[in-house]
Amino acid sequence: MKHVIEGVLKFRSEVFPGRQELFSELASGQSPQVLFITCADSRIDPSLVTQCGPGELFICRNAGNIVPPWGPTAESNTASIEYAVSVLGVSDVVVCGHTDCGAMKGALAPEGLEELPQVSGWLGHSRAAVATAKARHPGLEGEALLAAVTEENVLLQLQHLRTHPAITAAQARGELRLHGWLYDIGPGEIRAHDPQSGQFEAVHPLRHVA
């Protein structure tokens, strides 16, 4: 905890003074363009990976970058999505998975979650990703299967997003784009899903920003 407190003090004394004008503007409101949904894993820093500054990303994090299908029951992720789209008016939503995801390992081995009932229930939202990966790649095992499940989970959560009224309304108006990303931690690479090829490919502005 000591290094965290030292970081806070360094921010206040060294970083904040040089960006005081920006923070003064942000003190009265925000207007992010992107809702970034990613895993709670400590190895992922959305602002660092995207090189975005304060006020540019509306970030929603949870185990497994999961988006539960819309339902009438209040749920924090659903509320965040609704607020980002309907109130803040974001133009893009990114669902970003990552390599070596503990949540996806849990989804692949639910029998090991008996003492974690909340985690087990939450990962039920990824069950279809596991089934799809195994059906499409019946011979895969180990790391290869984990990679396939991670990809399928991103696509599944994009499907879940499309069940949210705020999302479907914004898309119908042509005001919102959805993106599926994978962050490869080791080489620091982002791959984006290309609907035309059906593959996750290196991020390219001409293909993935249009």
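Mind sorting SER28, SER47 by how few other Cβ atoms lie within 10 Å of their own Cβ, fewest first?
Starting with the residue having the fewest Cβ neighbours, the order is SER28, SER47.
Would you tally the net charge around GLY106, using a Cβ to Cβ cut-off of less than 14 Å, leaving GLY106 out, and scoring K and R as +1, D and E as -1?
Spelling it out: positives minus negatives among the neighbours equals -3.
Within the range 124-177, list the trypsin sites (Lys or Arg not before Pro) lying in a DSSP loop whose Cβ has at most 14 other Cβ atoms in a 10 Å radius.
ARG162, ARG173
Stretch LYS105-VAL87 to full length: gain in nm at 0.36 nm per residue minus the Cα-Cα span?
That works out to 3.0 nm of additional length.
Normalising by the residue count of the chain, find the relative contact order in percent from Cα pairs under 8 Å and 6+ residues apart.
Averaging sequence separation for qualifying contacts and normalising by length gives 20 percent for the chain.
How much net charge surrounds PHE23 when only the other residues with a Cβ under 15 Å from the Cβ of PHE23 are counted, with Lys and Arg +1 and Asp and Glu -1?
-2
Test of understanding: given the chain, find the longest segment containing no GluC sites (Glu not before Pro) that are in a DSSP loop and have at most 10 other Cβ atoms within 10 Å.
1-113
Note the angle between two axes, namely the Cα long axis of helix 76-86 and the longest principal axis of the Cα atoms of the chain, as a number of degrees from 0 to 90, rounded to the nearest 10.
The angle comes out near 60 degrees.
How far is helix 142-161 tilted, in degrees, relative to the longest principal axis of the Cα atoms in the chain, given as a value from 0 to 90 rounded to the nearest 10?
That helix lies at roughly 70 degrees to the long axis.
What share of the DSSP beta bridges in the chain is antiparallel, in percent to the nearest 5?
30
Classify the range 27-109 from the C-alpha gyration tensor, please: rounded if a/c falls under 1.5, else prolate or oblate depending on whether a/b exceeds b/c.
Oblate.
Tell me the angle of helix 127-136 to the major Cα principal axis of the chain, expressed in degrees between 0 and 90 and rounded to the nearest ten.
60
Any idea what the alpha-carbon Rg over 2.2 N^0.38 Å comes to for the chain?
1.09
Evaluate the charge dipole of the chain about its Cα centre and quote only its size in Debye, nearest 20, assuming +1 on the Cβ of each Lys and Arg and -1 on the Cβ of each Asp and Glu.
280
Can you tally the net charge around GLN171? Count Lys and Arg as +1, Asp and Glu as -1, for every other residue whose Cβ sits under 9 Å from the Cβ of GLN171.
Taking every Cβ under 9 Å from that of GLN171, the sum is +2.
Can you spot the lysines whose alpha carbon is less than 16 Å from LYS134's alpha carbon? Ignore those fewer than 8 places along the same chain.
Answer for LYS134, where 16 Å is the Cα cut-off: LYS105, listed by chain and number.
We did not get these values from a lab; they are worked out from the coordinates using the rules stated. Treat the numbers as computed from the prediction; the structure is a model and nothing was measured. Here the Cβ is made from the backbone with ideal geometry for all residues, glycine too, and neighbour counts use every protein chain on show.
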